[in-house]
Each structure stands twice: as structure tokens, then as C-alpha cells.
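We did not get these values from a lab; they are worked out from the coordinates using the rules stated. Worth saying up front: this structure is predicted, and the values here are computed from it rather than measured. Glycine gets a Cβ as well: all are built from the backbone with ideal geometry, and neighbour counts include every protein chain shown.
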């Protein structure tokens, strides 16, 4: 039940895109149509779900003071985390291409893009600062990915409808996307009052 | 353009002509990393609640873009194409670790407040974007200038957004109270002053207002600089 709480919390209340501004570059660049946003969103859930437990293992068993080297190696954290993310993205791309060409075609160019999506590295760094254990970090990864997926689908759908509206020329495109995301953020802020722990107590 | 600059580079090791000046000034307006190239938004939004955080972040990003551009540009002919992303990321991660550890030593409270966002400079798209778009194809000195230009262009927007958010959200600038009931300029707190009518608006320090402020900045910039208007 604790894990479900973490999932809900990371997906809705502490949404990576709308509460922490993570992954905004690809969020704004790839949200012009729902179809491409869907592909990128799926790829983010996938990669966050995989890299989060791996980075947890590296952080606890290799870098921590109780790890195999018995020394505090946390200054290597950034380099190792980003190397894991870059190589996992590469590996996932190869595996998906081999076993599921249809999924590969739908994810396509989005997989390499994810390496520089800060939601992935940010998720791993938040996992460290929140001191989650292994199963909690899996739930946090999947929940964070799901929240990001929801956010990008929502903005893409709104931007598709926006084409039929009469927006001032200087505000078209990027400016409007910023204002819309701000409004979506306000809507998501209303979820902040929810306390997931209260569900388990009842 | 390439031919003219080669002739110039023979005369001096570190030339500074119109091309070089353009590398520094272009990112301030016509090719601004945040409002035009849409790079590095994540950190730009998160660290702009206070002006001092934004200034530290601007300096850190300028340092990383300048030196990663310089190093990658010096190595550009010896990096194999297939692994270039990993090589770039490792060099950027090294520079960010340097920044992180120095900041931890120099100013610990700011380091705590910026938390994960210093680490996220690694995946700041400005750094990767400039490496891919500029440093892989240009000489080290020019790449260095391009890095500084883009870092400063990013910093200018960051400082502008942070000033607006801190002034209206907390009534202060650099933690010095300017407007609002507790203003440091007020000698007699009972006196009715033009400074104490303002009640700080908490929404300005929350997520949505960062989006609105940057959205409006983009609107203003494009209304004034017509060639940036999105035609599609």
C-alpha cells in the first residue's frame, strides 16, 4: 500500500513536469501533436522505470559508505548516473528494435532524445535525496513517468485545439505553450492538498 | 564566412573581430537560448524564485557551457561519431561536479537551496545543444566565445524572471525588503507610505507564475522583434 501511495504522489501531487519543471525542453518541443507526445511519454515511463532501480543499486552498493568499496564515493554520482542513463537508453533501443519492431517504430527517434531529458536524471537525484529503498524507487520511477506522460498528452491535446483559435501573432506557438502550461500547473496545484497516507489509515 | 575568418586567424591567436562579437551578442536577443531556441527551460523555471539563486545558477551555467564548448571543440576531431554523446556527457558531468563541489565549499546554504538543479546542468539542453550545434564544427576559441554568449543570454533571462518573481512574490530583491509592509526603507512603520500598500503575492513564487512570466517575456520580445514570430 505504501508503494501505491508513492506512485500516486509522484504521478499527481509531485508531478515531475508540472511541479518540478523537469523535462520541459522535450515537453515543449515534442507536444505539437498528440501522436508524437504519446510516443515520447511511453518512452519516458519505460526508461524511468528501468534506470531508477539500476541507479538505486549503483548509489547504494557502489557509492555508499556501506557499499563494496567502504568509502564515500558520492562525488562520482553524476558521472555514473548519466553514464547509466545514456547506456540504458542505447541498450533499450537495441532490445526494442530486435524484439518489437512495431514498438520501435512508434518510439523511433524519441528514445535517443530521452538521454538529455532532465526528468530522468532529476528523478534519480530526487530518489537519492528522498532516501527511498529499492521497491519504493521502482514505484517512484513508474509513477513519475506516468505523471510526465499525462502532462505531455494533455498539453499536446490543448495545443492541437489551439490551432483553431485566434491567438495574437507574437504569442503564437511557444508563448502560448508557456501560458497553457502555467494554467495546467495551477490546475495540478489543487491536487497538492491531497494526502495519500490518509487513504491507508481509513 | 569561413574563408574570411581563416585569413584573420593567421594574424592573431585569439582574434576578436565582428564575427566573434556576433557570437557573444547574438544569444542575447535574436538567438536567445531560452526564448528562441527553447533550451534549458527546466532549470530556468525552478531556480528563479530568488534572485541570488538565479545569479549563482547563471554563473554556473556560463562556466559549464564555456568550458565544455572549449574542451569538446579541442577534441572534436578525435571523438568517434558513434560514442560522441557519451563522451560529451562525461565531460559535462566532470565540469558540473567541479561546479558542485566548489559551490558546496564556498556557499553551503545556496548549495542546499539549489539541491538537484546544479546536477541537472548536465542535462541542461543548452549545454548539449551548443556542443552538438556549434562546438563539434568550430575552432576552440570561437566555441569558447559561443559558450560564454549562450551562458550570458541564459543568465539575462534568468535574472529578469527572478527579479520579477522575487519582487512581487516576496517584496524583496537579494533578500533586501523593498516593497510591502516590512520594507527596510520604512523608518516609521505606522506611516502611510507608497511602499507598504503592497501585499506580497505568494502565487509568484509557485510553479505557474514562472510559466506566465516567461510566456509574457516571449510575447514582449516577439512583439518588438517581428522576425521571431512563429508563422505556422
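General observations
- Region B:19-97: radius of gyration and largest Cα-Cα distance (Dmax), Å: 14.6, 42
- Calculated FRET efficiency, residue A:163 to residue B:79, Cβ-Cβ distance, R0 = 51 Å: about 0.80 to the nearest 0.05.
- Average beta carbon contacts from partner chains per residue of B:34-42, 10 Å cutoff: 5
- Length-normalised contact order for chain A - Cα pairs under 8 Å, 6+ apart - percent: 41 percent
- Taking the C-alpha atoms only, the angle from helix A:134-162 to the longest principal axis of chain A is near 10 degrees.
- At 1.306 mPa s and 10 °C, Stokes D of the protein assembly as shown from Kirkwood alpha-carbon radius, µm² per second: 69 µm²/s
- For peptides A:176-183, B:83-90, sequence by mean Cβ density within 10 Å, most packed first: A:176-183, B:83-90
- Peptides B:156-167, B:105-116, A:27-38, A:124-135 ordered by average Cβ neighbours within 10 Å, highest first: B:156-167, A:27-38, A:124-135, B:105-116
- The calculated pair-distance distribution of region A:129-183 uses every alpha carbon pair, bins of 5 angstrom beginning at 0, and gives 4, 16, 20, 15, 11, 10, 10, 7, 5, 3, 0 percent.
- Simple label model, 7 Å out from Cα along Cβ direction - residue B:174 to residue B:224, nm: 2.3 nm
- Take each residue in B:203-211, count the other chain C-beta atoms within 10 Å of its C-beta, and the mean is 6.
- Theoretical gain in end-to-end length, residue B:106 to residue B:132 [0.36 nm per residue, Cα-Cα removed]: 6.2 nm
- Cβ crowding within 10 Å ranks B:76, B:130, B:21 as B:21, B:76, B:130, fewest other Cβ atoms first.
- Size descriptor, Kirkwood hydrodynamic radius, that averages inverse alpha-carbon separations across region A:1-102, Å: 16.0 Å
- The angle between the Cα long axis of helix A:34-57 and the longest principal axis of the Cα atoms of chain A comes to about 10 degrees, rounded to the nearest 10.
- Rel. contact order, % - alpha carbon contacts under 8 angstrom, at least six apart, region B:87-151: 32 percent
- Look at the stretch B:218-225: the mean tally of other chain Cβ atoms within 10 Å of its residues' Cβ atoms is 5.
- Between 0 and 90°, nearest 10: helix A:118-129 axis offset from chain A longest Cα axis: 40 degrees
- Rg/Rh ratio calculated on Cα atoms of chain A (Kirkwood radius): 1.01
- With Cα atoms defining each centre, region B:38-77 and region B:144-172 are spaced 11 Å apart in the structure.
- Here the peptides A:51-59, A:2-10 are ranked by packing, the mean other Cβ count within 10 Å, and the order with the highest first is A:51-59, A:2-10.
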